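Taken together, the values in this text are just the output of simple stated rules run on the coordinates, not laboratory data. Since we're looking at a predicted model, the values are computed, not measured. When we count neighbours, we look across all protein chains shown, and the Cβ atoms used for this are built from the backbone with ideal geometry, even at glycine.
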Amino acid sequence: MVNNAALTGESEPVSVHPNPEAGELIDSRNIVFAGTTVMSGSGRAVVFATGMATEVGRVAHLTSTVEPGLTPLQKEIAHATRVVAFLATTTGIVFFVIGQLIGRPFWESFLFAIGIIVANVPEGLLPTVTLSLAMGSQRMARKKALIKTLPSVEALGSVTVICTDKTGTLTQNRMEVKMVWADGKLQTFQNARGESAPMMWTIASLCNNASYSEGRYKGDPSEVALRQAAGLRIGDVPSRRIREFPFDSERKRMTTIQVLQGRTLALTKGAPETLLPLCRGWLNNGQSAPLDESSRQELTASCHQMMDLGLRVLSFAYRDVSDRDLVANSPEGIERDMTFVGLIGLQDPPRPEVAQALGKCHEAGIKVIMITGDAGRTAVAIGKETGLVRTSPTVVEGHELSGLSDPELREKLCEREIIFARMTPKHKLRVVTALQEEGERVAVTGDGVNDAPALKKADIGVAMGIAGTDVAKEAADMILLDDNFATIVNAIEEGRGVYENIRKFTSYIFSSNIPEIVPYLAFVLLRIPLPLTILQILAVDLGTDMLPALALGAEKPTGNLMKQPPRDPKRSLLSAGLLRRAYLFLGPMEAAAGLFGFFYVLNSGGWRWGELLPPDDPLYLQATTACLTAIVVTQIANVFACRSFRESVFRLGFFSNPLIFFGILIELGFQLFIVYHPLGNRMFGTASLPATVWLVLIPFAVFLFVAEEIRKAIVRSRWPVEDFEHPT
């Protein structure tokens, strides 16, 4: 008996034999594969393939040929970078030409162009994105989702389809007895009673190769479950085993000959369809009764009822063995004229939290497709029990998939509910590729070597941390430390939150571009001293703005994120709504504050319009410092405004994100260093400001905050339902 789950995904052990077989190599029962596990038995084998010629090697080759694409965020950042670079360069060149046309000196126009370019480029955006993704990965790790690559943090939030396996992800990867049939009655395990039940549990305990050591049972999961259940019902049964006929894929049953309380008995367990024809009678209330046609039909109906519940059904029978029977070396001489005892239904129970997680997926517009190596009937039953499917799903098995053309497969994938069963590595990879060709962003779960190609091809490959092989973990982007499907959903929610947070601090950072650009426009068009220097722009972008922006990146996901459909892949990070809000609403208010502070200081110092001031003039230094301070003060209000595009900060909880206050404290400390410390003055070309300047700038911050709250109220009244496409 070998377990080929690492290669096939099939959790049930299979028997191997030396007889020739035709068909696919992976399905052959006369071959043992490198990397698989021997469960029981012994034998000799001839090695005919090593290295890349093995099945593991073929999967490795298939994995190496798969080229993973860029994540949605990587594409959007690349697009945003090109757009910003083009706009900044073009604007700089245009205004350099304008400066020359209106008679400005060459170097003055050149300085103006450089300032425009620097003001247009959000230098703090990329490091803030990187740090925000790192913080997101830490939060996910605390939720048992280990992220291997930073872009994967956000990519999770864009997922539209999850291709999940069954065993260990939707289920607990452990078998347990669920139902029993004995004395003509179908009962749950907890309520199972009857005169014949002790004999059934005796067979389950003794016709069994599970062992007990180090405080737990070890062996085949089904046999472990039977031993545990039998132990609860009848405890240990003293006996002596004389002979064993191990499970065989053709016979589909196992028999042991035991000496039990002075009787020599043949105890058999196996598939009902193979064991039932060998029985002449059945145990009814502890007494043997003839197994007539009506009894067989009743028994078969109960068996089908258990199968329809997704249970793996095993049947149990026995017979007394004579000394003459013991001479026989074949099971056929023993497995005859038996007395049928009962049925036991085993289940790999679903994880209790999976149903709620799948409900979240349905609400979030995420399609979940089960791709498993197990049988379709079992997969459907588990799907219904967990809520993965709610109607009669379309089931596509491996042999059927092989006969489908690409258009036919894409048509199948459009089905509302679909399950793929008996899948091989090539099948799984093909399904993932077809989904991506349809524009879906796909997350794939897997644990075996066979899953590696699909894990690498997927937009997000999710490997199992407990049951997963090293090959699967290497190919994946994320590792589930608890092998739990619900953790994937939590990670998707966190990923959506990360993307929303990136939009928040992008809006925050871009808002300060306008008060950095407008002073240069005023410098050329109004013929005034330059209100803001290039170093002061960098002080905002790479200094005062950084920590508040990071605090926005740490905002918790809102409760509505998983009730919205996945965002449109065509929607850019720099959406029209975001740019309108930053450049046409928040930015102009900050620019007005900056110019007001600049002219307030100049006029207070006796400056006259048209008068030129040297760069080291104390009044000029104070004026540029006031402009810089105005931007910082209004950005403090802006960080609260950017915590949500539509919700009031008071509804979010004014103090619910303490990192914002920490960021503001550091921001103010850095600004005070720039304004009042001699070293800060020399580094950034600033001068000390009287307290009255700060006081006249604060109303601008209050006005910005109130105006943004009014805008959000208007948005909520016009668009009551929030989604990723709501106006900002």
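What ranking of K428, K252, K712 emerges when the number of other C-beta atoms within 10 Å of each C-beta is taken as an exposure proxy, fewest first?
Ordered from fewest to most neighbouring Cβ atoms within 10 Å, K428, K252, K712 come out as K252, K712, K428.
How much length would be gained if the chain were fully extended between R571 and D325, taking 0.36 nm per residue of separation minus their Cα-Cα distance, in nm to one decimal? Spell out each step's value before the answer.
Details: separation 246, 0.36 × 246 = 88.56 nm, distance 7.65 nm.
Gain on stretching R571 to D325: 80.9 nm.
How far is the Cα center of segment 460-487 from the Cα center of segment 344-422, in Å?
Each part's Cα centre sits 20 Å from the other's.
Using a Förster radius of 60 Å, what is the FRET efficiency between L260 and F48 based on their Cβ-Cβ separation? Nearest 0.05, please.
0.85
Using just the C-alpha positions of segment 206-259 as equal point scatterers, what log10 of I(q)/I(0) does the Debye formula give at each q in 0.18, 0.28 1/Å?
-0.66, -1.23
Label segment 176-344 by shape, choosing from rounded, prolate and oblate, from the square roots a ≥ b ≥ c of the eigenvalues of the Cα gyration tensor; if a/c is under 1.5 it is rounded, and otherwise prolate applies when a/b is larger than b/c, oblate when it is not.
Taking the square roots of the gyration eigenvalues as a ≥ b ≥ c, segment 176-344 is rounded.
Based only on other Cβ atoms within 10 Å, what is the fewest-to-most ordering of E385, E647? Each step should come with its number before you reach the end.
Values: E385 18, E647 15.
Ordered from fewest to most neighbouring Cβ atoms within 10 Å, E385, E647 come out as E647, E385.
Students often get this wrong, so check it: of K218/K269; K360/K428; K178/K556; K412/K504, which have C-alpha atoms separated by over 29 Å?
Result: K178/K556; K412/K504 exceed 29 Å.
Could you check the spin-label model distance between R716 and D616? Points 7 Å from the Cα along Cα→Cβ, value in nm.
5.5 nm
Report the antiparallel proportion of the DSSP beta bridges in the chain as a percent, rounded to a multiple of 5.
The antiparallel fraction comes to roughly 70 percent.
Compute the helix-to-body angle for 658-676: its Cα long axis versus the longest principal axis of the chain, expressed 0 to 90° and rounded to tens.
Around 30 degrees separate the two axes.
Just tell me which aspartates and glutamates come within less than 17 Å, Cα to Cα, of K143; anything on the same chain fewer than 8 places away is out.
The qualifying aspartates and glutamates are E154, E353, D477, D482, D483, E493, E494, E555.
Using the Cα centre of the chain as the reference point, and only Cβ charges (+1 on K/R, -1 on D/E), how large is the resulting charge dipole? Debye, rounded to the nearest 20.
880 debye
Mind checking the full-extension length gain between K75 and E415? Use 0.36 nm per residue of separation minus the Cα-Cα distance, one decimal, nm.
119.5 nm
Tell me, how many Å apart are the Cα centres for segment 579-650 and for segment 147-199?
Here the two parts' Cα centres lie 61 Å apart.
Count the net charge of all other residues whose Cβ sits under 12 Å from the Cβ of H304, scoring Lys and Arg as +1 and Asp and Glu as -1. Display every interim value, and only then the final one.
Working: positive: R377; negative: E273, E298, D308.
Neighbourhood net charge equals -2.
Taking H as built 1.01 Å from N, whose amide H comes closer than 5 Å to the amide H of R351, not counting residues under 5 places away?
Long-range HN contacts for R351: T171, Q172.
Which one of S295, F596, S405 is farthest out on the positive end of the charge dipole of the chain, using unit charges on Cβ (Lys, Arg +1; Asp, Glu -1) and the Cα centre as origin?
The residue sitting most towards the positive pole is F596.
Enter the angle in degrees (range 0 to 90, nearest 10) between the Cα long axis of helix 293-308 and the first principal axis of the Cα atoms of the chain, meaning the one along which they spread out most.
Around 20 degrees separate the two axes.
Mind listing the phi-derived Karplus ³J(HN,Hα) values for segment 266-281, rounded to whole Hz, using 6.51, -1.76 and 1.60 with θ = phi - 60°, and x for any glycine or proline?
9, 10, 10, 10, x, 5, x, 5, 9, 8, 4, x, 8, 9, 9, x
Would you mind checking which residues have amide H under 5 Å from V313's amide H? H placed 1.01 Å from N; only 5 or more apart, or other chain.
HN-HN under 5 Å from V313: L346.
Using a 7 Å offset from Cα along Cα-Cβ at S402, what residues in segment 339-374 end up with backbone N under 17 Å from the label point?
372-374, by backbone N distance to the label point.
Okay, helix-only estimate at 222 nm for the chain: each DSSP H run of n ≥ 4 adds -39500 (n - 2.57), divide by all residues, round to 500 deg cm²/dmol; what do you get?
Helices in the chain give a 222 nm mean residue ellipticity of -15000 deg cm²/dmol.
In what sequence do R240, R608 fall when counting other Cβ within 10 Å, fewest first?
In order of increasing Cβ crowding within 10 Å: R608, R240.
Only one of the listed values, [x] 1.04; [y] 1.17; [z] 1.00, was derived from the coordinates as Rg/Rh (Cα atoms, Kirkwood Rh); which label is it?
The listed entry that was calculated here is [y].
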